[in-house]
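Below is one structure; the comments refer to it alone.
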Amino acid sequence: MVFVTGATGILGRVVVLELLKKGKNVRAVKRPASNLNEVRHSYTYYTEDPDGFFNQIEWIDVDFDDIYSLRDALEGVEEVYHCAAKVSFHPKDEKEMYHTNIRGTENLLYTCEGSGVKKFLQVSSIAVLDTVNEQGEIDEDSSFNPKLEHSAYALSKHLSEMEAWRASAEGMNIVIINPGMIIGSGNWGKSSGDIFPTFEKNSFTFSGGSSYVDVRDVARIAVELMEKNCFGERFIIVAEGRRYTELAKQIRSKLGLKEAKVLSEFQLNVGRWANILFGWLIPKLRMITKTNIEAISSLHVISNQKIKETLDYQFTPVSESIDFHLNNYMNDKKMKP
């Protein structure tokens with residue numbers, strides 16, 4: 001039995017599907033309020049037999065604050081894919097992020113240590129990697145620099161990753177993956193599913209960029225790393241870096257929208273001072289923090305050589321990934337009443 005947390009998320013649902021395609025029995029974690037029909041619908045974009053695969057899933061509600069609940073959920077489980085995480089860059093979500101990302105991971109690993117779990121995959125993030133190599137690239141040997149100012153999300157992912165490394169040092173078979181910004185279908189407007197709605201509704205963009213990867217690539221790589229027992233290591237999973245201006249142009253053009261204007265660092269810093277003065281009154285201003293401004297104004301070079309060499313893997317080009325998932329987004333919009 002394979003246990004997948006965050007199974008209704010944009011990545012978790014595809015990891016579940018990938019495991020089912022390989023004939024695995026999957027126990028998938030959801031929240032009581034999760035929309036399983038939305039997950040089932042998103043499978044229509046990934047397989048010709050969405051209902052057949054979806055109906056094989058054993059869904060389960062788990063309280064990550066309750067060790068006994070976790071112990072019951074892990075009964076008969078040999079492999080764990082820990083995809084669950086709170087993703088946000090809004091200060092109001094800091095407390096929930098720390099609780100979900102750090103405490104939830106700590107409790108899950110603690111419970112796994114006393115169970116029949118033989119393999120554990122932790123989904124981390126490139127946000128925890130700061131230092132660069134001699135070529136000026138971020139790679140798997142890069143580390144978290146505590147002297148730098150980080151978003152609450154990056155800090156929470158770093159601390160949750162530390163829990164996984166601790167368990168690995170104590171003998172658990174653990175592999176850690178660090179994906180870039182994941183492009184996928186479904187869960188529109190939430191977490192990684194917010195890419196297309198954000199570019200659609202905002203007529204402005206930023207000078208920086210990020211490293212992107214297709215959700216199907218992340219899921220396939222995660223399963224293959226577990227099959228090959230690549231334990232005690234981390235793997236960066238990115239296809240390529242792209243500037244926000246490039247993505248905005250591709251997405252907004254296909255949606256029939258005018259080209260987005262680039263906000264300068266000066267304009268962003270004016271917003272930051274407005275946040276300092278009026279953030280208590282206008283919640284949207286609270287997003288304009290120094291850390292967030294630095295993040296959206298830069299583009300780091302991130303190496304994917306290790307995973308390409310380890311698995312001889314060829315990534316889906318970002319432009320192709322955008323087209324595929326944007327079509328799904330547009331089709332889903334048409335279906336709305």
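The values are calculated or read from the model by the stated rules, or taken from the named source; none is laboratory data. Values in this document were obtained by computation on a predicted structure and should not be read as measured data. Heads up, the Cβs are rebuilt from the backbone with ideal geometry, glycines too, and the neighbour counts pull from every protein chain shown. The protein model used for the area step is the full one, side chains on, heavy atoms only, and it has no ligands, DNA or RNA in it. Shrake-Rupley method; radii C 1.70, N 1.55, O 1.52, S 1.80 Å.
Cα centroids of region 139-206 and region 90-136: 9 Å apart.
Label positions at K190 and W165, each projected 7 Å from the Cα along the C-beta direction, are separated by 3.1 nm. Suppose we look only past 37 Å in the calculated P(r) of the chain. What percent of the Cα-Cα pairs does that tail hold? Roughly 15 percent, once rounded to a whole number. Other residues whose C-beta falls under 15 angstrom from the C-beta of S156 contribute a net charge of -2, scoring Lys and Arg +1 and Asp and Glu -1. From the alpha carbon centroid of region 1-53 to that of region 224-265 is 23 Å. For region 22-78, a Kirkwood hydrodynamic radius built from all Cα pairs, placed in the Stokes-Einstein relation at 4 °C and 1.567 mPa s, yields a translational diffusion coefficient of 101 µm²/s. Using just the C-alpha positions of region 1-156 as equal point scatterers, what log10 of I(q)/I(0) does the Debye formula give at each q in 0.11 1/Å? With no solvent term, the Cα-only Debye profile gives -0.51. Candidates V2, G256, H99 compared by Cα position along the dipole of the chain: farthest toward the positive end lies G256, with charges placed on Cβ. Rolling a 1.4 Å probe over the heavy atoms of the protein chains gives the chain an accessible area of 48 Å² per residue. Projecting the Cα positions of L70, I60, V15 onto the charge dipole of region 3-89 (unit charges on Cβ atoms of Lys, Arg, Asp and Glu, taken about the Cα centre) puts V15 furthest along the positive direction. Taking all Cα pairs closer than 8 Å and separated by 6 or more residues, the relative contact order of region 192-255 comes to 54 percent.
Simple rule: put +1 on each Lys or Arg Cβ and -1 on each Asp or Glu Cβ in the chain, find the dipole, and look at N133, F120, V87; the Cα lying farthest toward the positive end is V87.
Taking every DSSP helix (H) stretch of at least 4 residues in the chain, weighting each as -39,500 (n - 2.57) and dividing the sum by the residue count yields a mean residue ellipticity at 222 nm of -12000 deg cm²/dmol. Note: region 155-255, Cα convex hull, 118 Å³ per residue.
Net charge near M1, counting Lys/Arg +1 and Asp/Glu -1 over other residues with Cβ under 10 Å of its Cβ? Neighbourhood net charge equals -2. In the chain, the sites counted are GluC sites (Glu not before Pro) in DSSP loop states with at most 15 other Cβ atoms within 10 Å, and the longest stretch holding none of them, exclusive of the sites, is 171-258. Rolling a 1.4 angstrom probe over region 8-140 with all protein chains present gives an accessible area of which 45% lies on carbon and sulfur atoms.
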